[in-house]
Amino acid sequence: MKDERIIIEAGSKKEIEKLGEKKGEKYGEELDVKIQMLRNPRLVMLGIPEETTMGNARETLMKQNPELNLDNAILEPKYSYTTKRGNRSLVIEVDSRTRIKLLQTRVKIGWTVCKLDDYIEAKRCFISSCYNHSHRKCKGEETCPLCAGNYKLKECTTPTSEYKCVNCMVNNKHHPTNLMDTAHSSLDKKCDSLKAVLDKYKRNTDY
């Protein structure tokens, strides 16, 4: 990497633990070997009632669903949002065991029975249209998400047939042996760059 770190990817958690131990024993005085910790999974609770808030969601979930034994579980509300149809959803962070429990049932919240799904996030900057950083930390140029032009989305007049994905263009520049189709916008749900970001997110999550 640019900061002189080396990332080694293995096929399983056991393999990377063994590799880390061996590297640490052999090169401990020369190298700082660290095993990357997987992030906790996130779930989205769909259709929560209006009275459910960030402050009372955990307590309500535990009290109304005692059969799930969530007393010692990692269960942290992260944020809520409202869909275009006016339905409210809540994103929560949990541990891997709690994730399995919650996905196998429908939970009671107030007078509502809610379904939960995995919440997989791909952060896309509103300035550069690139993934893995927010607009607050962006150092790139203003880039239209539809055509990769250097202007705002609202200024774009490019026809659909000429859309270009800035993320797939960047990939092709840096990885000429793994070319991606660029004839789509960076908002396209079928974008190969988006799929790659989501796959990486899953690999780095403790499912």
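Observations
- Long-range neighbours under 9 Å by Cβ, at least six apart or interchain, first residue at pLDDT below 95 within segment 28-54, second aromatic (F, W, Y): V33/Y27; L38/Y207; R39/Y201; P49/W111; M54/Y79
- Members of segment 163-189 that are more than 16 Å from the chain's Cα centre (by Cα) and exposed (fewer than 10 other Cβ atoms within 10 Å of the Cβ): K173, H174, P176, T177
- Listed by first and then second residue, the pairs with beta-carbon distance under 9 Å, at least 6 apart or on different chains, first residue in segment 165-190 and of a type in the set (K, R), second surrounded by 14 or more Cβ atoms within 10 Å (Cβ to Cβ) and outside any helix (DSSP H, G or I), are K190/H184.
- Restricting S193, S161 to residues that are assigned to a helix (DSSP H, G or I), of a type in the set (G, A, S), at pLDDT 95 or above and in contact with a helix residue (DSSP H, G or I) (Cβ under 8 Å, 6 or more places away or on another chain) narrows the list to S193.
- Within segment 125-162, being within 26 Å of the chain's Cα centre (by Cα) and of a type in the set (K, R) holds for R136, K137, K139, K152.
- Residues (outside any strand (DSSP E or B) and of a type in the set (S, T, Y)) located in segment 74-84: T83
- Single unsatisfied condition, M62 versus (1) aliphatic (A, V, I, L, M); (2) assigned to a loop (DSSP other than H, G, I, E, B); (3) farther than 29 Å from V170 by Cα: (2)
- Near pairs, Cβ below 6 angstrom, 6+ apart or cross-chain, from segment 84-106 (free of Cβ contacts under 8 Å to residues at least 40 places away in the same chain) to any residue that is in a loop (DSSP other than H, G, I, E, B): T98/A73; R106/K115
The values are calculated or read from the model by the stated rules, or taken from the named source; none is laboratory data. A quick note: this is a predicted structure, and the numbers were derived from the prediction, not measured. Note: ideal-geometry Cβ built from the backbone for every residue, glycine included; neighbour counts use all protein chains shown.
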